[in-house]
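For reference, the structure discussed in these notes is given below.
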Amino acid sequence: MSLLYSDLPVYVGLPNTTGIVEDDAYVPATQVNVNYNTNSAPRRNLGVNVNAGDQFGFGAALAATISFTCILQEEFQVGFEFFADEANDAYVPIKIGDNFFQKCYTTDIAISIAPDAPVTLQANFICLDPAVGGLVDEKIEGDSTPYTGHGFPINADQLIYGQFCTVSNMEDVVGNVQSQINFKRTYQRTPIYTLGSVNASTALLDGIEEEMSITSTGLKNLIGWSGDYLSAPVTVGLSAQDGSALDFVTQVSMAVGARVLTEGYNVAGGDTVATTATIKQVTL
């Protein structure tokens with residue numbers, strides 16, 4: 001019997017912990033992807049035929065990646081703590097169905113905001129300690145009691161929708177009417193290996209870059225060869241229909257000193273001008 005999507009809820013624990021409390025850590029994911037990749041090479045030696053039972057050599061640790069797309073709900077706070085600034089250098093545990101993935105480091109996060117649609121977040125992770133075969137072989141396991149048996153936890157009134165989000169200082173970059181905002185944060189990390197260990201023990205944070213792309217009906221001005229300096233922070237506040245906000249990220253912001261580095265506009269017959277501006281900043 002195949003597993004249904006309802007058997008594989010996604011939970012993300014607190015930074016730098018190994019355990020998960022399902023009541024707190026649930027993430028309302030709409031899609032999840034897990035990939036395992038070995039670092040293998042054919043084993044060929046001069047004067048010797050290939051051994052059918054030993055055809056490959058493995059020169060590095062198993063590479064495991066996790067990605068998921070989710071909607072945002074005010075009630076779920078713990079599951080999104082990985083977005084907080086304090087968690088930039090931390091790992092989190094992730095549970096998918098009944099499989100545990102330990103020491104998961106974020107590689108990039110993207111938030112998409114549009115009117116009349118739920119705000120979506122996509123996150124990608126590298127996992128240094130994935131669920132693998134051992135004394136008892138791991139396999140894809142469903143959660144026998146999703147959400148700790150408390151029933152479907154989505155509350156439409158607590159979902160973060162684009163039309164309830166607030167914007168400030170957008171007119172410093174684009175026109176007064178914005179139709180789409182995309183935010184992305186990218187982390188550069190270096191896995192650290194120690195003598196006597198196959199897997200990396202930790203990952204160093206080397207850098208953080210952020211960008212915000214805004215689609216609108218106009219541009220403040222056309223940029224020059226060095227772009228435009230941002231003299232005031234451009235901020236998007238995320239809130240639910242009832243006005244409540246997420247504790248983990250009350251706003252998505254580009255600080256003073258960021259630069260508008262990309263602009264473009266297009267128009268078709270019978271339509272209005274559509275413009276796009278991209279702001280970038282280096283935070284680490």
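Just so you know, all these numbers are worked out from the coordinates, no wet-lab data involved. What you see is a predicted model, and the numbers here were worked out from it, not measured in a lab. Don't worry about glycine lacking a Cβ; one is built from the backbone with ideal geometry, like all the others, and counts go over all protein chains shown.
Data overview
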| item | result |
| --- | --- |
| Lys pairs, the chain - Cα-Cα below 17 angstrom, 8 or more residues apart or on other chains | 4 |
| Residues PHE83, PHE125 arranged by fewest to most Cβ contacts within 10 Å | PHE83, PHE125 |
| FRET efficiency for ASN169 and LEU195, using Cβ-Cβ distance with R0 set to 51 Å, rounded to 0.05 | 0.50 |
| Förster-model FRET efficiency, 22 Å R0, ASP242 and ALA117, C-beta, rounded to 0.05 | 0.75 |
| Binned Cα-Cα distances of region 1-131, short to long, each 5 Å bin given as a whole percent | 2, 10, 17, 20, 16, 10, 7, 6, 5, 4, 2, 1, 0, 0 |
| Ascending count of other beta-carbon atoms within 10 Å, so fewest first, for TYR229, TYR161, TYR265 | TYR229, TYR265, TYR161 |
| Gaussian network model of the chain, Cα within-10 Å springs - most flexible of ARG43, ARG185, ARG259 | ARG43 |
| Distance cut-off 13 Å, percentage of C-alpha pairs in region 222-284 lying past it | 72 |
| Linear extension gain, LEU62 paired with VAL282, 0.36 nm per residue minus alpha-carbon span | 76.1 nm |
| Difference of contour (0.36 nm per residue) and Cα-Cα distance, VAL132 to SER231 | 30.6 nm |
| Distance histogram in 5 Å bins (all Cα pairs of region 36-109, percent per bin) | 3, 11, 17, 17, 13, 8, 7, 7, 7, 5, 3, 1, 0, 0 |
| Size-normalised alpha-carbon gyration radius of the chain, reference 2.2 N^0.38 Å | 1.19 |
| Where Rh is the Kirkwood radius over Cα pairs, Rg/Rh for region 78-117 | 1.06 |
| Order of LEU284, LEU128 under a 10 Å beta carbon neighbour criterion, fewest first | LEU284, LEU128 |
| Ordering of 14-21, 51-58, 275-282 by packing [mean C-beta count within 10 Å, highest first] | 275-282, 14-21, 51-58 |
| For region 24-74 versus region 176-203, the gap between their alpha-carbon centres in whole angstrom | 17 |
